[in-house]
Amino acid sequence: MVTTTAGFRHDSIPTARQVMNSLAASTGEFTVNATEDLSALSAETLGGYDVIMFALTSGELPLSAQQKSVLIDFVSSGHGFIGVHSATDTLYEWPDYGRLVGAYFKDHPWTQQGTVVVEDASHPASAGLGDRFSLLEEFYTFQENPRGRVQVLLRLDAASVGSTGDYPLAWVQAFGAGRAYYNALGHFSETWTDPRFQHQLTGAIRWTSGR
Ligand SMILES: [Zn+2]
């Protein structure tokens with residue numbers, strides 16, 4: 001779990017780290033190591049992991065060319081990637097990362113209560129949520145709509161924020177022999193402590209790790 005920031009830093013980062021450790025303990029299905037030390041992004045270190053998670057990262061993280069190829073090779077050779085919230089506000093100048101996370105952040109026009117539509121109720125990362133759910137969030141839009149390149153799991157009900165249009169909020173894709181998941185929610189600590197969000201993250205870990 002990488003929470004390094006080179007741009008905006010979310011107040012929810014400590015809660016995000018606590019919640020992932022709690023989920024590891026309560027499910028017993030995985031262990032998590034959270035770090036902001038980018039030197040951990042090496043072939044040797046990643047060799048001990050099934051999934052890498054970029055949670056609330058931001059900006060142009062100072063990764064070397066070798067570290068970039070290690071990350072891409074890690075996922076494409078059959079491991080998992082999870083990006084959360086500002087993971088799409090990260091590494092704009094590295095197109096392979098953009099493909100991995102699925103889109104780049106454009107704007108956050110709505111910070112309010114909104115309704116999220118569950119498009120795929122059978123996927124492990126979006127099952128058990130019902131048809132839709134409502135929460136207070138900072139809802140993202142993206143530079144390009146990823147629909148068509150990814151499998152959309154959640155979208156914003158645009159009418160619930162007084163708008164129109166198609167705004168995917170969570171998606172999955174194959175990445176070589178690996179699996180990539182992204183969820184745009186997670187701005188507030190309250191989102192991380194929300195059981196509905198935790199349920200998605202647990203499902204995402206199961207799915208990206210190929211279980
Ligand atoms: Zn945010």
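The values are calculated or read from the model by the stated rules, or taken from the named source; none is laboratory data. Worth saying up front: this structure is predicted, and the values here are computed from it rather than measured. Note that each Cβ is placed from the backbone with ideal geometry, even for glycine, and that neighbours are counted across all protein chains shown.
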For this session: May I ask you to list pairs of residues, at least six apart or on different chains, whose Cβ atoms are under 7 Å apart, with the first in the stretch 48-59 being farther than 10 Å from His85 by Cβ and the second being surrounded by fewer than 24 Cβ atoms within 10 Å (Cβ to Cβ) and of a type in the set (S, T, N, Q)?
Result: Asp50/Ser209; Val51/Ser209; Gly59/Thr5
Seminar exercise, completed: Flagged in the stretch 186-195 as surrounded by fewer than 24 Cβ atoms within 10 Å (Cβ to Cβ) and within 12 Å of the ligand (Cβ to nearest atom), in numbering order, are His187, Phe188, Ser189, Thr191
For this session: Return yes or no: is Ala121 surrounded by fewer than 21 Cβ atoms within 10 Å (Cβ to Cβ), free of Cβ contacts under 8 Å to residues at least 24 places away in the same chain and in a strand (DSSP E or B)?
Result: no
Seminar exercise, completed: When Pro14 is run through (1) touching a Gly at 6+ places or on another chain (Cβ under 9 Å); (2) within 16 Å of the ligand (Cβ to nearest atom); (3) farther than 20 Å from Phe105 by Cβ, the failure sits at (1)
Seminar exercise, completed: Residue pairs within 9 Å by beta carbon, gap of at least six or interchain, first lying in the stretch 1-23 and at negative phi, second part of a helix (DSSP H, G or I) and aromatic (Phe, Trp, Tyr), listed first then second, are Ser12/Trp192; Thr15/Trp192; Ala16/Trp192; Gln18/Trp192; Val19/Trp192; Val19/Phe197; Met20/Trp192
For this session: May I ask you to list pairs of residues, at least six apart or on different chains, whose Cβ atoms are under 7 Å apart, with the first in the stretch 72-92 being farther than 18 Å from Ala174 by Cα and at pLDDT 95 or above and the second being more than 11 Å from the ligand (Cβ to nearest atom) and of a type in the set (A, V, I, L, M)?
Result: Thr90/Leu61; Leu91/Leu61
For this session: Would you check if Ala24 is of a type in the set (A, V, I, L, M) and assigned to a helix (DSSP H, G or I)?
Result: yes
For this session: Quickly run through the stretch 124-159 and pick out the residues that are in contact with a helix residue (DSSP H, G or I) (Cβ under 8 Å, 6 or more places away or on another chain), of a type in the set (Gly, Ala, Ser) and crowded, with 17+ Cβ neighbours inside 10 Å.
Result: Ala125, Ser126
For this session: Name every residue in the stretch 125-151 that is under 18 Å from the mean Cα position of the chain (by Cα) and either of a type in the set (Ser, Thr, Tyr) or not in a strand (DSSP E or B) (or both), in order of residue number.
Result: Ala125, Ser126, Ala127, Leu129, Tyr140, Thr141, Gln143, Glu144, Asn145, Pro146, Arg149
